Each structure stands twice: as C-alpha cells, then as structure tokens.
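The values are calculated or read from the model by the stated rules, or taken from the named source; none is laboratory data. Quick caveat: nothing in here was measured; it's all calculated off a predicted structure. All Cβ positions, even for glycine, are placed from backbone atoms using ideal geometry, and neighbour counts span all protein chains on display.
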C-alpha cells in the first residue's frame with residue numbers, strides 16, 4: 001500500500017510541479033473529510049492540490065453542472081481508486097457528517113451564502129476570492145466564523161508565498177522607511193461576447209440553482225454563464241473583483257493598514273472594449289486612511305502590458321525608497337533619490353499549494369490561517385467600496401467602525417443587495 005501511494009504521488013507531482021507533497025500515510029481517523037463545491041475551473045485545481053495529502057480525504061464533489069462533477073470525480077478516482085460522492089445541491093454536502101471542511105469555488109454571488117451556511121453546519125471553509133459579493137457579506141462571514149468557531153481561509157494565495165514572507169521582513173524592518181502609499185494594478189487584455197439570444201439550458205445543468213440568490217427571469221443566456229459571468233453584477237464583480245482582490249489584498253498588506261479607509265474616490269469609463277459587460281474597462285480608485293496613508297488601485301482591461309513589466313502588481317512607496325512587487329513571484333527594492341537597487345527576488349512561488357496546506361493544517365490545529373475571515377473582509381471591502389464610489393460618482397466618507405457611509409443613504413444601500421428566495425443571507429448569523 002505504501003508503495004502504491006508513493007508511485008501515485010510521484011506521478012501526480014510530475015504533472016503538477018511545485019506542489020507540496022505529504023509523504024506520511026494517515027489513518028482514517030486522522031483524515032480531514034473535505035468537499036469541493038464548484039469544480040469548473042479553480043475548484044478542479046483545488047481537487048488536484050488536495051490529492052497530494054494523505055491526511056485529507058475528498059468525501060464529495062459538488063457542482064450544478066453534472067459534467068464538471070463527473071470530471072472532478074474521475075480525477076479523484078484516478079488518484080485514490082476511491083469514488084467520491086457526487087452532489088448537485090450544496091445542501092446535501094452540508095448535511096453530510098463525514099464532511100469536516102468545504103472549499104467554495106463557485107461564481108462570486110454564491111461564495112458568502114454557501115460559506116455562512118457551511119459554518120452554521122459546523123464546517124470549516126476555504127473561500128475563493130472574493131469572499132463576498134457585496135460589502136455586508138464580508139462582515140457576516142467574520143461574525144459566523146467567530147460565533148461557530150470555524151476556520152476560514154480566503155483564496156488570496158500570495159499570503160502564503162515565500163516571496164511575500166521575504167518582502168514582508170524587509171518592509172517591516174524599515175528598508176524603505178515609513179510606507180505612506182501603496183499602489184495596486186491589474187492590466188489584462190479582455191475580450192467580450194456580443195449580445196446573443198436566449199437559449200435552452202445546457203443538458204445536465206441545474207441553472208436555477210446556479211442562479212441561486214441572484215435576479216432571475218427564468219431564461220438562460222449563454223453570455224451570463226460559464227466563464228463569462230464575472231462581467232454582470234448579479235453574479236460577479238468585474239475587473240476590480242476578478243483578479244483585483246489579489247492586488248488589493250497585497251496593497252493593503254504592504255501599506256500595513258488593518259482598518260477600512262475613511263474616504264474613497266473612483267473614476268472609470270468605457271474607452272476601448274466592445275461587447276457585453278456591466279463594468280468600466282478602466283478604473284482608478286483612491287482610498288484614504290485615518291493614519292494618513294493612501295492606497296491607489298488601477299485597472300485597464302484593454303492593454304496587453306502592465307506597469308514595471310507585470311500585468312498584476314504593486315508598488316510600496318516609503319520615505320527612503322520603494323518596492324515593486326508582483327504576485328507573479330517578484331519583488332525589487334529601490335533606495336534613495338538615486339533609486340539604487342536593493343534586495344530582490346524573481347521567479348518565486350505564487351503560494352497555491354502552501355495556501356491550501358495552511359488551511360488544512362489549521363483545520364487540524366485550530367490555529368488561525370494567514371488569510372482568515374477578518375483579513376478577507378478588510379481586503380474585499382476595498383473592492384466593494386471602490387465599486388460603490390464609482391457607481392455613485394462622488395467622494396464617499398466612510399465610518400470604518402460602524403461600516404456605514406456618513407449621511408449617504410444611497411451609498412449605504414449598495415453595501416448589501418436583495419436576495420432571491422429561499423437564498424436570503426442569514427443576518428444576523
């Protein structure tokens with residue numbers, strides 16, 4: 001049996017270079033029972049990562065698309081010779097006593113509704129980014145984690161990277177002085193579909209359940225499904241909530257702020273991209289903090305190039321120098337007026353296996369993971385506050401403690417949303 005496990009793991013490691021592999025076989029009583037909910041893209045990658053651990057058993061796979069579920073089930077079977085349970089409805093997963101923890105990798109509008117219900121059912125949760133579809137959901141995730149004593153990890157994987165750890169040591173030791181400003185950018189060339197007519201729901205897809213808490217007129221449109229849903233507010237969060245959560249999270253980490261901003265301004269427009277989308281194709285947001293610090297976010301969905309050679313990155317500006325950082329596995333320090341090169345790192349790891357391992361280790365130890373519920377809410381809050389500022393078109397003043405805007409009921413209404421029954425968020429949890 002031991003030989004079989006090593007052979008399987010070596011083969012899997014060859015196919016997935018860089019994944020952390022655990023070599024000690026665990027007894028059934030030591031194993032974490034896991035279910036992966038949503039296995040169309042990122043979720044399937046999580047299935048493959050989890051299979052490198054002997055102390056985790058994938059109990060079930062859940063997806064509203066039967067083809068996705070069966071594909072992920074075959075991945076598990078080929079690796080373990082065990083067939084996981086296949087579920088269409090996540091509620092069946094939450095009822096299963098064999099499941100200790102879940103990975104939620106659905107479209108954004110389902111992240112918080114599933115995560116909070118999972119915690120109420122006694123499950124720990126790994127939530128893909130962004131953890132919340134609207135601001136209020138982030139606070140409910142924090143409250144649920146505290147109330148039910150659950151472990152929550154947010155899918156901002158660079159929090160677990162060696163690149164981030166080494167950069168953090170330098171920043172906290174003052175290599176660039178006091179950090180006053182950080183910048184996040186995401187510049188990736190997008191294309192969008194032209195409007196198309198409604199069509200029959202694809203075979204094997206429970207589209208009513210896929211829509212879930214979002215608005216629904218009973219029709220299926222190919223533009224609002226599969227990999228295109230992020231460009232519609234009912235399901236996704238556009239550029240700022242697509243890859244933006246990674247860069248905003250790192251900008252907040254580098255700036256060293258652990259509160260919400262108190263003033264937000266945003267501008268955006270459509271200047272290049274054609275096709276269907278409900279978000280601007282360029283956006284600039286400035287977040288101001290009580291302690292006199294500023295965070296700037298920029299996205300351009302129409303360029304094939306980024307700043308400093310990176311489509312996704314950060315700059316941290318201090319009184320003695322600055323650091324360029326990218327979740328692509330890079331940082332470089334520049335010092336003084338002469339911009340002398342200081343320490344740097346290139347081609348470093350991007351954190352995916354370590355981040356999942358951190359979550360699973362914390363499920364067993366009950367320690368807090370590196371991207372816990374509070375970390376997730378503070379970073380995802382930047383997505384929602386920026387989007388609200390763009391939508392209302394004016395400077396917004398925010399109370400970080402009360403989590404409300406100052407004398408602005410129109411902006412306050414955008415902190416949450418209406419939910420289609422029976423999927424209303426538990427509030428309070």
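When you scan region 296-352, how many residues do you find that are surrounded by fewer than 17 Cβ atoms within 10 Å (Cβ to Cβ), under 19 Å from residue 160 (Cα atoms) and out of contact with any strand residue (DSSP E or B) (no Cβ under 8 Å at 6 or more places or on another chain)?
0
If residue 175 passes every condition in (1) assigned to a loop (DSSP other than H, G, I, E, B); (2) at negative phi; (3) not assigned by TED's automatic domain parsing to the domain that holds residue 326 but one, which one does it miss?
(3)
Within region 391-429, restricting attention to residues that are free of Cβ contacts under 8 Å to residues at least 12 places away in the same chain and assigned to a helix (DSSP H, G or I), which residue is surrounded by the most Cβ atoms within 10 Å (Cβ to Cβ)?
Among those residues, the one meeting the criterion is 412.
Here are some conditions: (1) farther than 28 Å from residue 413 by Cα; (2) out of contact with any helix residue (DSSP H, G or I) (no Cβ under 7 Å at 6 or more places or on another chain); (3) buried (at least 23 other Cβ atoms within 10 Å of the Cβ). Residue 159 meets all but one. Which one does it not meet?
(2) is the only condition that residue 159 fails.
Given 97, 147, which one is part of a loop (DSSP other than H, G, I, E, B) and in the same structural domain as residue 367 (by TED's automatic domain parsing)?
97
Test residue 136 against the stated conditions and say whether it is under 20 Å from residue 422 (Cβ atoms), within 20 Å of the chain's Cα centre (by Cα) and surrounded by fewer than 24 Cβ atoms within 10 Å (Cβ to Cβ).
So residue 136 fits the description; yes.
Scanning for something at positive phi, in the same structural domain as residue 146 (by TED's automatic domain parsing) and modelled with pLDDT of 95 or more, does region 401-415 turn up at least one residue?
The answer is no, given that none of the residues of region 401-415 is at positive phi, in the same structural domain as residue 146 (by TED's automatic domain parsing) and modelled with pLDDT of 95 or more.
Could we say that residue 130 is modelled with pLDDT of 95 or more, part of a helix (DSSP H, G or I) and either within 29 Å of residue 315 (Cα to Cα) or within 17 Å of the chain's Cα centre (by Cα) (or both) here?
So residue 130 fails the test.
In this structure, is residue 278 without any contact (Cβ under 8 Å) to a residue 40 or more places away in the chain and either buried (at least 22 other Cβ atoms within 10 Å of the Cβ) or out of contact with any strand residue (DSSP E or B) (no Cβ under 9 Å at 6 or more places or on another chain) (or both)?
Criteria not met by residue 278.
Residue check: is residue 360 surrounded by 16 or more Cβ atoms within 10 Å (Cβ to Cβ), in contact with a strand residue (DSSP E or B) (Cβ under 7 Å, 6 or more places away or on another chain) and over 29 Å from residue 176 (Cβ atoms)?
yes
Can you tell me which residue among 9, 24 is modelled with pLDDT under 50, surrounded by fewer than 16 Cβ atoms within 10 Å (Cβ to Cβ) and out of contact with any helix residue (DSSP H, G or I) (no Cβ under 7 Å at 6 or more places or on another chain)?
It is 24.
Quick one: count up the residues across region 48-64 that are within 26 Å of residue 206 (Cα to Cα) and part of a loop (DSSP other than H, G, I, E, B).
So the count comes out to 2.
Being out of contact with any helix residue (DSSP H, G or I) (no Cβ under 9 Å at 6 or more places or on another chain), assigned by TED's automatic domain parsing to the domain that holds residue 42 and in contact (Cβ under 8 Å) with a residue 12 or more places away in the chain, is that true of even one residue in region 364-373?
Scanning region 364-373, I find at least one residue that is out of contact with any helix residue (DSSP H, G or I) (no Cβ under 9 Å at 6 or more places or on another chain), assigned by TED's automatic domain parsing to the domain that holds residue 42 and in contact (Cβ under 8 Å) with a residue 12 or more places away in the chain, so the answer is yes.
Based on this model, can you work out whether residue 217 counts as within 25 Å of residue 359 (Cα to Cα) and over 16 Å from the mean Cα position of the chain (by Cα)?
So residue 217 does not fit the description; no.
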